[in-house]
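Throughout, read-outs are computed from the coordinates displayed, never taken from laboratory work. Because the structure is predicted, anything quoted here is derived from the model rather than measured. Backbone-built Cβ (ideal geometry, glycine too); neighbour counts: all protein chains shown.
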Amino acid sequence: MERQEHIPDGYIFRPTDAELLGYLALFVTGNPVLSTVPIMESDLYNGEEPWKIFQRSRDKVLYIFATLKRRSSSDSRYIRTVGDGKGTWKAQDRGKPIYRYDDDDDDDDNQQSRQLIGYKRSLRYEKSGSKHDRRFLMKEYYFPSNIRATLKRPLNDIVLCRIKRKQNNREIMGFESESIEARDIGDIIGELATKSCSYSEVNSLLETSH
């Protein structure tokens, strides 16, 4: 929450999917995230109910770095129950790919090649009998398995979550990011497979990804 103290009045945070993966790359490589980026850390998958998190903020959409909770140390599956164990974040899909697109200048047809840089999974909060049942929607951003394999635990279990309180169907339809296209931002994530990125390198790429 400390990063939000430096956000100027009137500032609107509207990152693309690719930019969110860039912030996640910064976080897992131990680099500081810009002070104008309102991303908090929360124990989202180990006790924090979504409405309690929203009570600490006036924002309509929250961005959170969270660590997935494994069933056991040797199990690759995750548990997404929260609170008293009766509530859960239930997946709505298997994860949609996010690509980086490059123009192929050597191709007469100017076709684009694409590189997979991450995924986003849709989830919905469910707790039968609660007034909060199905009232929260989430996008969970994470890296492909080949990138996650280069990170030590628990860094490879960290995801970036975007949560919104459900109001009506119109708001649900508008929950997707503006774009999943990425160009220079893909270089950040590609670096994760070989070495940690420097703060200046990552921020340079973030600034040119719009």
Tell me the trypsin sites (Lys or Arg not before Pro) within segment 25-95 that lie in a loop according to DSSP and have at most 15 other beta-carbon atoms within 10 Å. Arg56, Arg58, Lys60, Arg71, Arg77, Lys86, Arg94
Additional length obtainable on full extension of the chain from Leu116 to Ser130, 0.36 nm per residue less Cα span: 1.2 nm
In vacuum, with every alpha carbon of segment 15-75 counted as one equal point scatterer, what does the Debye formula give for log10 I(q)/I(0) at q = 0.18 Å⁻¹? Two decimals, please. -0.79
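Could you compute the FRET efficiency for Asp75 and Asn146, with r as their C-beta to C-beta distance and R0 at 35 Å, rounded to 0.05?
Values: r = 20 Å, r/R0 = 0.58.
Here the calculated transfer efficiency is 0.95.
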Contour minus Cα-Cα distance for Phe13 and Leu155 (0.36 nm per residue): 48.6 nm
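So how much slack lies between Trp51 and Lys90, counting 0.36 nm per residue of separation and subtracting their Cα-Cα distance, in nm?
On the way: separation 39, 0.36 × 39 = 14.04 nm, distance 1.61 nm.
Stretched fully, the Trp51-Lys90 segment lengthens by 12.4 nm.
Which order results if Val61, Val159 are arranged by neighbouring Cβ count within 10 Å, fewest first?
Values: Val61 16, Val159 23.
Fewest to most other Cβ atoms nearby, the residues stand as Val61, Val159.
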